[in-house]
Amino acid sequence: MREKQTGATLIEFALVLLIFLTFFLGIIDFSRMLWTWNAANEATRWGARVSVVCDKGATRVLTDMQQFLPQLTAANVRIDWYDSSGAISTSCDHTNCAGVNVSITNLNYQWISPIAGASALPSLAMPEFSTYLPREVMGQDPNSSVICN
């Protein structure tokens with residue numbers, strides 16, 4: 001004779017739901033990491049573009065880059081100007097340097113999904129993101145700031 005199995009379906013549902021939610025939240029978190037990766041790449045591209053065309057200064061470039069990654073700080077962003085010989089220069093700007101390199105370093109990604117009872121997963125160190133652009137003036141007078149707001 002079959003014994004009554006009251007609640008067996010509920011237990012099975014709970015076990016399957018736990019596995020499903022772990023898998024689903026892992027996919028969401030991994031997607032969030034890829035989005036952060038892409039945003040960091042786009043932030044360096046935008047920072048280099050603003051630096052090479054406009055003379056806004058490092059603080060304004062950082063503010064523009066924070067539109068893509070709000071967690072960026074001055075410690076994460078480095079702007080290097082290169083003179084015509086290819087050496088890093090401290091005395092040139094967008095009007096007389098050959099190019100600029102903007103990079104993001106020490107950017108960490110913090111997982112938020114609870115995985116197998118782990119209360120806090122360690123953050124993932126992301127690689128350095130870097131963009132180099134040669135100097136340009138887009139057909140404007142290099143001494144004019146018309147193209148830069």
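Key figures
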| quantity | calculated |
| --- | --- |
| So Asn106, is it modelled with pLDDT of 80 or more, more than 15 Å from Trp46 (Cα to Cα) and part of a loop (DSSP other than H, G, I, E, B) | yes |
| Residue in segment 4-24 that is closer than 30 Å to Ile79 by Cβ, outside any helix (DSSP H, G or I), at pLDDT below 90 and over 17 Å from the mean Cα position of the chain (by Cα) present | no |
| Residues within segment 28-54 that are surrounded by fewer than 17 Cβ atoms within 10 Å (Cβ to Cβ), touching a strand residue (DSSP E or B) at 6+ places or on another chain (Cβ under 9 Å) and over 16 Å from Leu133 (Cα atoms), tallied | 3 |
| When residues of segment 57-103 are limited to those that are touching a strand residue (DSSP E or B) at 6+ places or on another chain (Cβ under 9 Å), part of a loop (DSSP other than H, G, I, E, B) and hydroxyl-bearing (Ser, Thr, Tyr), the one farthest from Glu42 (Cα to Cα) | Ser91 |
| Pair list, Cβ under 9 Å, 6 or more apart: segment 108-127 residue under 12 Å from Met33 (Cβ atoms) and β-branched (Val, Ile, Thr), other residue surrounded by 10 or more Cβ atoms within 10 Å (Cβ to Cβ) and at pLDDT below 80 | Ile112/Leu121 |
| Filter pass, Pro114 being in a loop (DSSP other than H, G, I, E, B), under 27 Å from Leu25 (Cβ atoms) and modelled with pLDDT of 80 or more | no |
| Some residue of segment 31-50 being under 11 Å from the mean Cα position of the chain (by Cα), at pLDDT 85 or above, among the hydroxyl-bearing types (Ser, Thr, Tyr) and not in a helix (DSSP H, G or I) | no |
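The values are calculated or read from the model by the stated rules, or taken from the named source; none is laboratory data. Quick caveat, the model's predicted, so the values are computed rather than measured. All Cβ positions, even for glycine, are placed from backbone atoms using ideal geometry, and neighbour counts span all protein chains on display.
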